[in-house]
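Down below is the structure, laid out as structure tokens.
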Amino acid sequence: MTQRQCLWFDAPYRVSVRDERIDALAPTQVLVHTSHSAISAGTELLFYRGQVPCGLPVDASIAALSGDACYPLRYGYACVGRVIEIGAQITHEWRNRLVFAFQPHASHFTANIDDVIPIPKNITPEQAAFLPNMETAVNLVMDGAPRIGERVVVLGQGIVGLLTTALLAQMPLAELLTFDQFALRREKSRVLGATTALDPSHDAQSMDADLTFELSGNPDALNRAIHLTGFEGRIVVGSWYGDKRVPIDLGSRFHRSRIRLISSQVSTLAAEFSSRWDKARRIEVAWQMLAHIPTRELVTHRFPLANAARAYELLDQHPEQAVQVLFEYK
């Protein structure tokens, strides 16, 4: 195997698929033939639309994404495939093993053995493509720390919002209210256990939520989060806004209500967990959650990598039609 196909973000609103040479394996590397990779619509659309500040590291915590966020660049972080070649120092049980890796979209990729994650036997390759977003949802719930009987709001029902809703629905909450502008996502939200799913244009009265998750990707939603959150409530901000800016009302309600804003980002764990938790433990919990949440119902579109431009155009121009979009590789 000497050639592979790779997805490139060439410029705002321009992607291409290029044939590239596969370098020889280092002794500690494996070559993986990708079967599925998942588009993370929130983050990837920031790159697609040119809404990421140039010069910012793409993702300093992932070896395959260590470069700067300047065009042209490769991106993506949810690849699933089968090991087809192994380096000289890799034991033979790795050959033909199904693995997950935080790698950009490509038909094949090489990775150090420490950077691939074996897929449990009870998880399908398609389910495994949800691993990064499920890990993010697990991290969000850990940071929010919902308690029995609380009223919880989730703003945004993209894939991370939906998976977060699915986790919260397993808890003994008094109410789980979600918001999203698209009817398809509200429908999925109800199926996954939301008590009520509303359009953000709905004139919801302040519900004095104990805990609110802002996962919409729209910084203006922080104002709604403040409006919906009660005295000494918590707001977990899981959105990455890129270079988008909007005025946030930190006036009387926020200030006098002693509301706490909590930043949640999956690259690290909160210090309060570090004595007992590490990334491996969080990944194991994410696998367990994926085993019984109906992720297949969240996949609305599947594309070959050759049709990547159509996939991103769909997400950009017709987000009301899509939830999870996957690339499938022969």
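The values are calculated or read from the model by the stated rules, or taken from the named source; none is laboratory data. Bear in mind the structure is a predicted one, so any value in this text is a computation, not a measurement. Virtual Cβ from ideal backbone geometry, glycine too; neighbours counted across all protein chains shown.
What the table below lists for this structure:
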{"item": "Number of positions in the stretch 300-313 that are crowded, with 19+ Cβ neighbours inside 10 Å and touching a helix residue (DSSP H, G or I) at 6+ places or on another chain (Cβ under 8 Å)", "result": "1"}
{"item": "Meets criteria (over 23 Å from residue 138 (Cβ atoms), modelled with pLDDT under 90 and either of a type outside the set (Val, Ile, Thr) or surrounded by fewer than 15 Cβ atoms within 10 Å (Cβ to Cβ) (or both)) for residue 316", "result": "no"}
{"item": "Any chance residue 103 is within 18 Å of the chain's Cα centre (by Cα) and modelled with pLDDT of 95 or more", "result": "yes"}
{"item": "Filter result for residue 172 (within 23 Å of residue 79 (Cα to Cα), out of contact with any helix residue (DSSP H, G or I) (no Cβ under 8 Å at 6 or more places or on another chain) and modelled with pLDDT of 95 or more)", "result": "no"}
{"item": "Among (1) over 26 Å from residue 6 (Cα atoms); (2) out of contact with any strand residue (DSSP E or B) (no Cβ under 8 Å at 6 or more places or on another chain); (3) exposed (fewer than 14 other Cβ atoms within 10 Å of the Cβ), the one test that residue 267 misses", "result": "(1)"}
{"item": "Odd one out for residue 281, checked against (1) surrounded by 14 or more Cβ atoms within 10 Å (Cβ to Cβ); (2) of a type outside the set (Val, Ile, Thr); (3) at pLDDT 95 or above", "result": "(1)"}
{"item": "Verdict on residue 201 being polar (S, T, N, Q) and in a loop (DSSP other than H, G, I, E, B)", "result": "yes"}
{"item": "Selected residue (criterion: farthest from the chain's Cα centre (by Cα)) from residues of the stretch 76-100 that are of a type in the set (Gly, Ala, Ser) and within 24 Å of residue 15 (Cβ to Cβ)", "result": "81"}
{"item": "Count of the stretch 238-264 residues which are surrounded by 14 or more Cβ atoms within 10 Å (Cβ to Cβ) and under 18 Å from residue 150 (Cα atoms)", "result": "4"}
